[in-house]
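The values are calculated or read from the model by the stated rules, or taken from the named source; none is laboratory data. Note that this is a predicted model, so its numbers are computed, not measured. Every residue, glycine among them, receives a Cβ derived from its backbone with ideal geometry; neighbour counts consider all protein chains shown.
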Ligand SMILES: N[C@@H](Cc1ccc(O)cc1)C(=O)O
Ligand SMILES: NC(=[NH2+])NCCC[C@H](N)C(=O)O
């Protein structure tokens, strides 16, 4: 009788956003029961939360803003739907380890309530067979990748390379506010009340999120909106020598996956025509699907729950996940986009996702596509 053989883990291989997906890490939101709205959080989400900053604390002034458990339960229900849909498409779904409840973390300079590993796109970039852990902007996220380490070691055992940007101290002067001040915005509402310590002589640090990148085979687009990001782009160029990194000059404050999603070579989904000018010349002649208008009725109404801080924009659902060049997983609450994609010949797998604006993530954010079929192709010439 032949001996049963255990299937070895697959090799990490992910160079793009659209070739056939074989394995993915899907985030989880267990115990996501608060946003800790301290200054690094407020600055990160400033574009979206500035209009409501007066209401970002509890009535007694607490920065730990509770999230009603009904919303977290509903989010988890929607994420299970995503897990089932991906499994149904033949994708192997891995999950981060379960986070603890109410975990408070402390550095020598600040303390924060840890964020669960929901938006796993943000603190890591997979570049081919290399795991790159990025340099968190939000203090509460500094240990988030620990919960992905079981998955990372699995790929490491199977031969992956593993790099990490220098861990930022996120002291009081580490973050660059110039993206906002250049636009004439006053950031004092984000930075007021900062209690973090400073480190003499440190100044602006390397701070960068994986979701500031879009991967296109041998090319990677990198959004650089300030000096924190500039330092990271240099690090990427110095440390990942086999890929070409293209600087997008302040296309957004940070993440770009609710602005641009490449769907297949020569076709991209884009928030609106004004974003074309940020792209490399070779992409300007790609075919484009622009994000269709959507109805406010597709967004839940939270008035009765009293929790109204939308950390994500109305464009969050651009943030779809491709299973292959013809198959995409899209929020069923964006029927306008589903129609446009189907008209273009895509098979759309609809999955319901209600609270994307409260937890700040769509399906692209929730996932880290670790194994896709494509290689370091040249899609830009
Ligand atoms: N303005 C940012 C802020 C943000 C980032 C991450 C989120 O999960 C939510 C919001 C968005 O483009 O990218
Ligand atoms: N990888 C992510 N977390 N992306 C989220 C991008 C959200 C974007 N700021 C928006 O508000 O639409």
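Under 6 Å between Cβ atoms, at least 6 apart or on separate chains: pull out the pairs that start in segment 259-283 with a residue that is closer than 14 Å to residue 249 by Cβ and touching a residue at least 24 places away in the same chain (Cβ under 8 Å) and end on any residue that is more than 15 Å from ligand 2 (Cβ to nearest atom) and part of a strand (DSSP E or B).
Here the result reads 280/246, each pair linking segment 259-283 to a residue that is more than 15 Å from ligand 2 (Cβ to nearest atom) and part of a strand (DSSP E or B).
Going through segment 201-239 one residue at a time, which ones are part of a strand (DSSP E or B) and either within 15 Å of residue 169 (Cβ to Cβ) or without any contact (Cβ under 8 Å) to a residue 12 or more places away in the chain (or both)?
Of everything in segment 201-239, just one residue is part of a strand (DSSP E or B) and either within 15 Å of residue 169 (Cβ to Cβ) or without any contact (Cβ under 8 Å) to a residue 12 or more places away in the chain (or both), namely 208.
Please enumerate the residues belonging to segment 142-157 that are assigned to a helix (DSSP H, G or I), out of contact with any helix residue (DSSP H, G or I) (no Cβ under 9 Å at 6 or more places or on another chain) and closer than 15 Å to residue 117 by Cβ.
Answer for segment 142-157, where residues must be assigned to a helix (DSSP H, G or I), out of contact with any helix residue (DSSP H, G or I) (no Cβ under 9 Å at 6 or more places or on another chain) and closer than 15 Å to residue 117 by Cβ: 144, 146, 147, 148, 149, 150, 151.
Based on this model, can you work out whether residue 171 counts as away from ligand 2 (no atom under 16 Å from the Cβ) and under 24 Å from residue 123 (Cα atoms)?
Here the answer is yes, as residue 171 does meet what is asked.
Can you tell which of 225, 232, 252 is within 26 Å of residue 336 (Cα to Cα), modelled with pLDDT of 95 or more and either under 21 Å from the mean Cα position of the chain (by Cα) or away from ligand 1 (no atom under 14 Å from the Cβ) (or both)?
The conditions single out 252.
Out of (1) within 21 Å of residue 48 (Cα to Cα); (2) under 21 Å from the mean Cα position of the chain (by Cα); (3) within 16 Å of ligand 1 (Cβ to nearest atom), what's the single condition that is false for residue 321?
The number of the failed condition is (1).
Restricting attention to segment 333-356, which residues are within 16 Å of ligand 2 (Cβ to nearest atom) and surrounded by 21 or more Cβ atoms within 10 Å (Cβ to Cβ)?
333, 334, 337, 353, 355, 356
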